[in-house]
Amino acid sequence: MFRTILSLFLLNRNQRQIKRYQAIAEKIDERGKSLLQISDDALKQLFQDTRANIQQGATLESQMVEVFAIVREASTRVLGMRHFIVQLIGGIALHEGNIGEMKTGEGKTLTATLPAALNALTGKGVHIVTVNDYLATRDANWMGKLFTFLGFSVSSLTTSLSDQERKLAYQSDILYAVNNELGFDYLRDNMKLFREHQVQRPFNYAIIDEVDSVLIDEARTPLIISGQTNEPSELYTTANQLVKHFVRQENEEDVEGDYFADEKSKRVHLSDAGHAKAELLYQKNGVLAENENLYFQHNLHLIHHLESALCAHAHYVKDTDYVVQNQKVILVDEFTGRLMHGRRLSHGLHQAIEAKELVPILPNSQTLASITFQNFFKNYPKLAGMTGTADTEAQELYEIYSLEVVVIPTNKAMIRKDLPDLVFLDKKSKYQAIVNDVFELYQKGQPVLVGTASIETSEELSILFKQKSIPHEVLNAKKHDREAIIIAQAGRLKAVTIATNMAGRGTDIILGGNPSLLQDNQLPEVNWQEQHNAVVGLGGLHIIGSERHESRRVDNQLRGRSGRQGDPGTSRFYLSLEDNLLRIFASENVSKLMQWIGFQPGQSIEHPLLSKTIESAQRKVEVHNFQLRKNLLEYDTISNDQRKVIYGQRSAVLEKQNLEQLIEDIVNGVIDQLISSYAPETLSIEDWHLASLEQVLEQQFFIKASFVTIMQEESFVSIRDTVTKLFNNEMQKKRESFGQEQYQNLLRQIMLIILDKYWKDHLINLEELMRGIHLRGYASKNPKHEYKREAFELFVKLLEQMRFEIVGVLMQPIIKHEQLEEINTSQLQTTHQEASLTESPKSIEEVKKISPIVSGDKVQRNDPCPCGSGLKYKKCHGKV
């Protein structure tokens, strides 16, 4: 007894969780044995019995063993796949609202069917969230056969669906949905004027596949719905032409050069010489008059355009950070290598890259609605996730989302060998070593997957492989349409595949090739078992990493392509001191040490000191990125609280059948404010401003009033009653002229349109406030506290102005039709835009909106900065 208690005490939390889940899984397995011989109809009837039990009040937990056993048996019959015990364990973890870390090839897609079926029995719907259209469609078609057998409706939510198709999809019991589409539909629904135009129903339960990609990698890129602005593009073109005249500094203290490019923060700083050169060049190009300088109020935006252009040239590399397709600049996801269609860099940086690449410069956009994934997925009462790599980010997932990571054991022991890193002096030596080793493996017949961090590197290696006569496939964002076929072949004899970090995530690499995909795509027929056995005999799939990523998790994802389901495999990373991670973040002493010991190009070294340095660099970057994501969330939570209020009011207006009580409360609030402003009870009648009140009532509310007959002793009561009666009379006229039903629709449309208008303007104000709030730190103030305080003040002002405009529009003699039109959300731009929390205001006009102290026509570089920081302008605003 003592030993049992002691052993339980010594187990860590994950082991205790697994032990508990194991006991439940064994009950499921035992129950499953009794289902082996019953008919399909009997199996279906048992499942319907559990549905009835839940509808009659039984808890999901009480039905879990029965449901999981039935789903497991149904899967065996319909899909030919029977859940392993570890998949049952994973299903339990997901049902309890955890993140299940399951290694590649352990069957996450099948595992998700267990909690999805159980939770769908409530009738409230289950969303299984994927990262792209291909996986959503594939999994809905694949697993849909099982769900249909059980009596569920199944749909997929992808980019191309119309509003009507989306609405039908959301009514399904099980919905396979792309993460972006869920978020954009949420924002669009909260711009609709009629409940029947909305497509989503209340959220219930979501399982996020590749949860680390969605909740961590995408956490700094808010979903944004926007409309276009009319900003001229010529300034971006001019700034791009000036870049060639500027000399880059080696370091920030360098006296030679015009600007310093900080690679860690991806920002640029103009030197004094750079500022002087910019002013001279702008004058030569006719943008500035000879008697003007860059620090006139109306010229400060020129510095921003120039710095954006310098940043585009210094920090953003074609075929690494973006590609150019069909005359458009498309960003590349650094974590997956996929193209991010629709995502744009903010604050003019994307336009600067477009100018650099000589493609059409698309206008800047105005935000109409936005939300981060961090706050969007908190709308689900119950949330779970799956991935092969989450344990390194467990702290963040728990701290931000209250999601616990449970590491699920593998079905078969992992026997992949992860070999030590090889470190070279330069990239040329590293690439040559990769080519030589791949050639040797190719001749032997062992399949190789070479992972690269960029499209550019994948194509460089491809050229070298061709020179060495190594047949190979290249999988990068330019060839994403052939992804499934390329990955299907990656485990075949003599297969050599070069892939960016996307590496077919979501698709298994099966040793010998994927038989089903080989057949579906009419590739040459082979004896799969012979191929499989031959590859196993050669040591399985060998993974080569051409460099380490900033995140250890991404490296683990690449390694995880090999060694699935107990298969053999090996992996090794090849590094050089010219790699970005080592060059920017690792210690300079490493380079000096290697050169001191006589390390030569072409030689490689393995040393514990180097491994520790690399891991230390990765940890530093991970901590830095976590702080950025946490910082974004802390700011976005403030706007999210306000978003909940606005969206809550919208929902109330949409749901209420009779809005007269609500509009009466709004009118009474306006009357109270008018009376307190012009005829407060605390002042005598001689101090009232009745003439001003009459003027406001006529000009803003179209009501003619006269207060000359009000008596002193009953003045306050009389004036309030008089004003109230005037408003009520006008509303009664509207009610009679429109009829009750139309009047209700009128009230609904007025309130929603004005609410949306003010919320849109408020988002712009919050963006501008956030852009410059860090300057409060120079005045020894906490920027976050100041942002919270000022954002609250803006919100209170918004609500006040909104009430006044609602009443003002309602009181108009003739309400124009265009005032009541619903926004066509299908024509708006949806972007997944890079967030920025460290940008300074880019013009005096922006500073004015943050701080009221700005005055004067121009600011010199040595003048105090107009933001109120107490620093000189060149030290404060001058460094963007």
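The values are calculated or read from the model by the stated rules, or taken from the named source; none is laboratory data. Since we're looking at a predicted model, the values are computed, not measured. Ideal geometry is used to build each Cβ from the backbone, glycine not excepted, and the neighbour counts take in all protein chains shown. We work out accessible area using only protein heavy atoms, side chains counted, and drop any ligands, DNA or RNA first. Shrake-Rupley method; radii C 1.70, N 1.55, O 1.52, S 1.80 Å.
Among the residues making up the range 84-113, those that are among the hydrophobic types (A, V, I, L, M, F, W, C), in a helix (DSSP H, G or I) and crowded, with 24+ Cβ neighbours inside 10 Å are Leu88, Ile89, Ile92, Ala93, Leu94.
Screening the range 436-447 for residues that are touching a residue at least 60 places away in the same chain (Cβ under 8 Å) and over 15 Å from Leu422 (Cβ atoms) and picking the one that is farthest from the chain's Cα centre (by Cα) gives Lys444.
Any residue at all in the range 769-786 that's part of a helix (DSSP H, G or I), without any contact (Cβ under 8 Å) to a residue 12 or more places away in the chain, closer than 30 Å to Thr372 by Cβ and open to solvent by 70 Å² or more (accessible area, probe 1.4 Å)? Yes, that holds for at least one residue. Of everything in the range 370-397, what is closer than 15 Å to Gln17 by Cβ and more than 18 Å from the chain's Cα centre (by Cα)? Give them in sequence order. Within the range 370-397, Asp391, Ala394 meet the criteria. When each of Leu182, Leu187 is tested for being within 20 Å of Phe377 (Cβ to Cβ), open to solvent by less than 10 Å² (accessible area, probe 1.4 Å), in a helix (DSSP H, G or I) and out of contact with any strand residue (DSSP E or B) (no Cβ under 6 Å at 6 or more places or on another chain), the lone residue that passes is Leu182.
Here Phe152 passes the criteria (1) of a type outside the set (D, E, K, R); (2) part of a loop (DSSP other than H, G, I, E, B); (3) at pLDDT below 95 except the one numbered (3).
Report yes if Asn291 is surrounded by 19 or more Cβ atoms within 10 Å (Cβ to Cβ), of a type outside the set (Asp, Glu) and free of Cβ contacts under 8 Å to residues at least 24 places away in the same chain, otherwise no. No: the conditions fail for Asn291. For the range 246-275, a residue qualifies if it is touching a residue at least 40 places away in the same chain (Cβ under 8 Å) and surrounded by 12 or more Cβ atoms within 10 Å (Cβ to Cβ), and the qualifying residues are Phe246, Arg248, Tyr259, Ala261, Glu263, Lys266, Arg267, Val268, His269, Leu270, Asp272, His275.
Among the residues of the range 531-545, how many are part of a loop (DSSP other than H, G, I, E, B) and in contact with a strand residue (DSSP E or B) (Cβ under 8 Å, 6 or more places away or on another chain)? Selection size over the range 531-545: 2.
A count restricted to the range 503-539 and to residues that are of a type in the set (A, V, I, L, M), open to solvent by 30 Å² or more (accessible area, probe 1.4 Å) and at pLDDT below 55 stands at 1. Here Gln283 fits the description: of a type outside the set (Lys, Arg), farther than 29 Å from Gly648 by Cα, surrounded by 15 or more Cβ atoms within 10 Å (Cβ to Cβ) and out of contact with any helix residue (DSSP H, G or I) (no Cβ under 6 Å at 6 or more places or on another chain).
Being farther than 27 Å from Val645 by Cα, open to solvent by 50 Å² or more (accessible area, probe 1.4 Å) and either of a type in the set (Val, Ile, Thr) or at pLDDT 85 or above (or both): is that true of Gln732 here? It is true that Gln732 is farther than 27 Å from Val645 by Cα, open to solvent by 50 Å² or more (accessible area, probe 1.4 Å) and either of a type in the set (Val, Ile, Thr) or at pLDDT 85 or above (or both). Whether a residue is open to solvent by less than 30 Å² (accessible area, probe 1.4 Å), in contact (Cβ under 8 Å) with a residue 40 or more places away in the chain, at negative phi and not β-branched (Val, Ile, Thr) was assessed, and Ala116 passes this test. Restricting the first member to the range 393-411 and to residues that are more than 26 Å from Phe84 (Cβ to Cβ) and hydroxyl-bearing (Ser, Thr, Tyr), and the second to residues that are in a helix (DSSP H, G or I) and open to solvent by less than 50 Å² (accessible area, probe 1.4 Å), the beta-carbon pairs closer than 7 Å and six or more apart or on different chains are Tyr401/Leu215. Taking the numbered list (1) in contact with a strand residue (DSSP E or B) (Cβ under 8 Å, 6 or more places away or on another chain); (2) modelled with pLDDT of 95 or more; (3) not in a loop (DSSP other than H, G, I, E, B) in turn, Leu135 passes all entries but (2). Comparison of Leu746, Leu794, Leu799 shows that the only residue that is open to solvent by less than 10 Å² (accessible area, probe 1.4 Å) and assigned to a helix (DSSP H, G or I) is Leu746. Residues in the range 329-347 that are open to solvent by 20 Å² or more (accessible area, probe 1.4 Å) and more than 26 Å from Glu767 (Cα to Cα) were compared, and the one that is modelled with the lowest pLDDT is Phe335. Of the residues making up the range 701-713, none is at pLDDT 85 or above, part of a helix (DSSP H, G or I) and open to solvent by 30 Å² or more (accessible area, probe 1.4 Å). Scanning the range 802-823 for residues that are assigned to a helix (DSSP H, G or I) and either at pLDDT 80 or above or open to solvent by 40 Å² or more (accessible area, probe 1.4 Å) (or both) gives Met802, Arg803, Phe804, Glu805, Ile806, Val807, Gly808, Val809, Leu810, His817, Glu818, Gln819. Only one of the numbered conditions (1) at pLDDT 80 or above; (2) exposed (fewer than 14 other Cβ atoms within 10 Å of the Cβ) is violated by Ser616, and that is (1). Consider the range 366-407 and keep the residues that are closer than 20 Å to Leu88 by Cβ and open to solvent by less than 10 Å² (accessible area, probe 1.4 Å). The one that is modelled with the highest pLDDT is Ala384. For the range 155-179, the candidate set comprises residues that are part of a helix (DSSP H, G or I) and not polar (S, T, N, Q); within that set, the residue that is surrounded by the most Cβ atoms within 10 Å (Cβ to Cβ) is Ala169.
Is it the case that the range 235-245 has a residue that's closer than 14 Å to Ala355 by Cβ, buried (at least 16 other Cβ atoms within 10 Å of the Cβ) and of a type in the set (Gly, Ala, Ser)? Within the range 235-245 (the criterion being closer than 14 Å to Ala355 by Cβ, buried (at least 16 other Cβ atoms within 10 Å of the Cβ) and of a type in the set (Gly, Ala, Ser)), the answer is yes, since at least one residue qualifies.
Yes/no matrix, rows are residues, columns are (1) touching a helix residue (DSSP H, G or I) at 6+ places or on another chain (Cβ under 7 Å); (2) not small (Gly, Ala, Ser):
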{"site": "Asn668", "(1), (2)": "no, yes"}
{"site": "Ile703", "(1), (2)": "yes, yes"}
{"site": "Ser718", "(1), (2)": "no, no"}
{"site": "Lys725", "(1), (2)": "no, yes"}
{"site": "Ser737", "(1), (2)": "no, no"}
{"site": "Glu741", "(1), (2)": "no, yes"}
{"site": "His762", "(1), (2)": "yes, yes"}
{"site": "Ala779", "(1), (2)": "no, no"}
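Test Gly491 against the stated conditions and say whether it is over 26 Å from the mean Cα position of the chain (by Cα), open to solvent by less than 30 Å² (accessible area, probe 1.4 Å) and on the phi > 0 side of the Ramachandran plot. Against the criterion (over 26 Å from the mean Cα position of the chain (by Cα), open to solvent by less than 30 Å² (accessible area, probe 1.4 Å) and on the phi > 0 side of the Ramachandran plot), Gly491 does not qualify.
Scanning the range 714-729 for residues that are open to solvent by less than 60 Å² (accessible area, probe 1.4 Å) and at pLDDT 85 or above turns up Thr722, Val723, Thr724, Leu726, Phe727. Does the range 53-66 include one or more residues that are modelled with pLDDT under 95, open to solvent by 10 Å² or more (accessible area, probe 1.4 Å), in contact with a helix residue (DSSP H, G or I) (Cβ under 7 Å, 6 or more places away or on another chain) and of a type in the set (Asp, Glu)? The answer is no, given that none of the residues of the range 53-66 is modelled with pLDDT under 95, open to solvent by 10 Å² or more (accessible area, probe 1.4 Å), in contact with a helix residue (DSSP H, G or I) (Cβ under 7 Å, 6 or more places away or on another chain) and of a type in the set (Asp, Glu).
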